[in-house]
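Beneath this line is the structure, given in structure tokens, with notes to follow.
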Ligand SMILES: NC(=O)c1ccc[n+]([C@@H]2O[C@H](COP(=O)([O-])OP(=O)(O)OC[C@H]3O[C@@H](n4cnc5c(N)ncnc54)[C@H](OP(=O)(O)O)[C@@H]3O)[C@@H](O)[C@H]2O)c1
């Protein structure tokens, strides 16, 4: 597997990581624990070294699961988790943010315990908190770095003015935000900023939460506990309108003898050496398919035609 660098931290990771969220949370029935652990172990065998979780996934159960899976394998992997996004109500699901220094410090200790590790390799503030100056949140992240509790600092879903203020306080090694063939908002400004500031860009939902793979052609199988149930892009009219994106990806995939998921990931990988996608899956078959995307090189003509895909119908949240 090709290696890429987590920005200024200089930590080397596999060019494709593994998003572990869906094993416990968000996309239908959580995985059976044994099955989820076998996916994580197989990922390590295939050369995947970057594993992504967050305290809010579950909440908390995904960190515990990842910690259990990595027992005895800790030194083979780079472990990323996040804090600052909190479930405030379950039905309907609602979130609040907390970026206060006291909260960040306590959340890090709690994640270390659940993950059963001494240090977190990459620790993200999951969302900037509008009620706490980003300087204060970054000050707390810097203290965790200096105390050796974390090895690198990340931010997630952060706009440029906030990134500029944040990087003035502490080194940012990674920015995690959505990037895929149907969410290209980060391309004009955020990606160049990351490249100029030696910040790795980690696209979440690089498969469009499963849609770009071509396996979701209606919302019939998406039940009320699934994050996608209320998501604008997974309503019937958007699914129908966005099918033209999938058709174009399918045509390239058929010509190259690849799958849609592999084309979607190859396109993300082609956006720059600092780009490290973290596709999520709880299935061995999808994992193997996704990892193999690192060997696919799209031609300039295919990349151009994918860049020209129409804007997706429906907002991403
Ligand atoms: N920072 C943030 O705010 C944020 C937000 C969302 C996600 N994330 C992180 O990013 C990771 C990836 O994003 P994501 O999981 O939301 O979206 P994603 O990677 O775009 O898509 C995951 C979905 O695609 C399906 N899938 C995966 N590989 C497939 C394949 N080869 N063929 C067909 N279907 C396939 C999965 O199915 P199965 O579930 O059946 O395996 C799952 O439903 C998450 O796991 C999480 O760690 C971060």
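Students often check this: by mean Cβ neighbours within 10 Å, which of 303-314, 102-113, 197-208 ranks highest, and how do the rest follow?
Working: 303-314: 14.6, 102-113: 17.1, 197-208: 23.8.
Top to bottom by mean Cβ count within 10 Å: 197-208, 102-113, 303-314.
What number, in percent, do you get for the relative contact order of the chain if the mean sequence gap of Cα pairs under 8 Å and at least 6 apart is divided by its residue count? Don't skip to the answer; put the middle values down first.
On the way: 610 pairs, mean separation 63.4, N = 317.
About 20 percent, as a whole number.
Where does helix 260-269 land angle-wise versus the long Cα axis of the chain, in degrees 0 to 90, nearest 10?
The angle comes out at about 50 degrees.
Quick check on the stretch 1-98: take the gyration tensor over C-alpha atoms, sort the square-rooted eigenvalues as a ≥ b ≥ c, and tell me if it's rounded (a/c under 1.5), prolate or oblate. Numbers along the way, then the final one.
Details: a/c = 2.36, a/b = 1.45, b/c = 1.62.
It is oblate, given that a/c is not under 1.5 and a/b is not larger than b/c.
Along each of the three principal axes of the Cα atoms of the stretch 114-203, give the extent in whole Å, ordering the values from largest to smallest.
Rounded to whole Å, the extents work out to 37, 27, 25 Å.
Please report, in whole Å, how far the alpha carbons of the stretch 199-308 spread along each principal axis, starting with the longest.
Sorted largest first, the three principal extents are 38, 28, 27 Å.
Expressed as a whole number of Å, what is the distance separating the alpha-carbon centroids of the stretch 163-220 and the stretch 252-274?
16
Most exposed first by the Cβ proxy, i.e. fewest other Cβ within 10 Å, how do 91, 35 rank? Don't jump to the answer; show the numbers that get you there.
Numbers: 91 7, 35 13.
Least crowded to most crowded, the residues run 91, 35.
What FRET efficiency comes out for residue 162 versus residue 34 if R0 is 45 angstrom and r is the Cβ-Cβ distance? Round to the nearest 0.05.
On the way: r = 41 Å, r/R0 = 0.91.
The pair residue 162/residue 34 has a calculated efficiency of 0.65.
Can you order the peptides 254-261, 79-86 by their average number of other Cβ atoms within 10 Å per residue, highest first? Before the final figure, lay out the partial values.
On the way: 254-261: 17.2, 79-86: 25.0.
With the highest mean Cβ count within 10 Å placed first, the list reads 79-86, 254-261.
Output the 0 to 90 degree angle, nearest 10, between the alpha-carbon long axis of helix 101-115 and the longest principal axis computed from the alpha carbons of the chain.
In the chain, helix 101-115 runs at an angle near 70 degrees to the longest axis.
Quick check: from the Cα gyration tensor, does the stretch 171-258 come out rounded (a/c under 1.5), prolate or oblate?
Working: a/c = 2.58, a/b = 1.55, b/c = 1.66.
Since a/c reaches 1.5 but b/c is at least a/b, the shape of the stretch 171-258 is classed as oblate.
Quick check: from the Cα gyration tensor, does the stretch 12-158 come out rounded (a/c under 1.5), prolate or oblate?
Numbers: a/c = 2.00, a/b = 1.28, b/c = 1.57.
It is oblate, given that a/c is not under 1.5 and a/b is not larger than b/c.
Of 135, 45, 94, which has the largest mean-square fluctuation in a 10 Å C-alpha GNM of the chain?
Fluctuation is largest for 94.
With an 8 Å cut-off on Cα pairs and a minimum separation of 6 or more residues, tell me the relative contact order of the stretch 154-195 in percent.
Numbers: 27 pairs, mean separation 18.4, N = 42.
Relative contact order, the stretch 154-195: 44 percent.
Could you sort the peptides 1-13, 269-281, 66-78 by per-residue average Cβ neighbour count (10 Å cutoff), highest mean leading?
269-281, 1-13, 66-78
In degrees from 0 to 90, rounded to the nearest 10, what is the angle of the helix 33-45 Cα long axis to the longest principal axis of the chain?
90
What relative contact order, as a whole-number percentage, does the stretch 97-142 give when Cα pairs under 8 Å and 6 or more residues apart are counted?
On the way: 32 pairs, mean separation 29.5, N = 46.
RCO, the stretch 97-142: 64 percent.
Which of 193, 267 has the fewest other C-beta atoms within 10 Å, and how do the rest follow up to the most?
On the way: 193 16, 267 26.
Listed from fewest to most nearby Cβ atoms, that is 193, 267.
Can you divide the C-alpha Rg of the chain by 2.2 N^0.38 Å and report the result to two decimal places?
Numbers: Rg = 18.5 Å, N = 317, 2.2 N^0.38 = 19.6 Å.
Rounded to two decimals, the normalised Rg is 0.94.
What does the stretch 127-178 give for Rg and for Dmax, in Å, if only its C-alpha atoms count?
Final numbers for Rg and Dmax: 10.4, 30 Å.
Under a plain spin-label model, where a point goes 7 Å from the Cα along Cα-to-Cβ, how far apart in nm are residue 105 and residue 241?
It works out to 4.8 nm between the two label points.
Treating the stretch 208-257 as a set of equal point scatterers at the Cα positions, no solvent, please give the Debye-formula log₁₀ I(q)/I(0) at q = 0.24, 0.30 Å⁻¹.
Taken in order of the listed q values, log10 I(q)/I(0) reads -0.86, -1.18.
With equal scatterers on the alpha carbons only and no solvent term, can you work out the Debye log10 of I(q)/I(0) for the stretch 59-121 at 0.15, 0.21, 0.28 1/Å?
-0.52, -0.87, -1.20
Each reported figure results from applying straightforward, stated rules to the coordinates on display, with no laboratory input. Keep in mind that what you see is a predicted model, and the values were worked out from it rather than measured. Neighbour counts run over all protein chains shown; Cβ positions are idealised from the backbone, glycine included.
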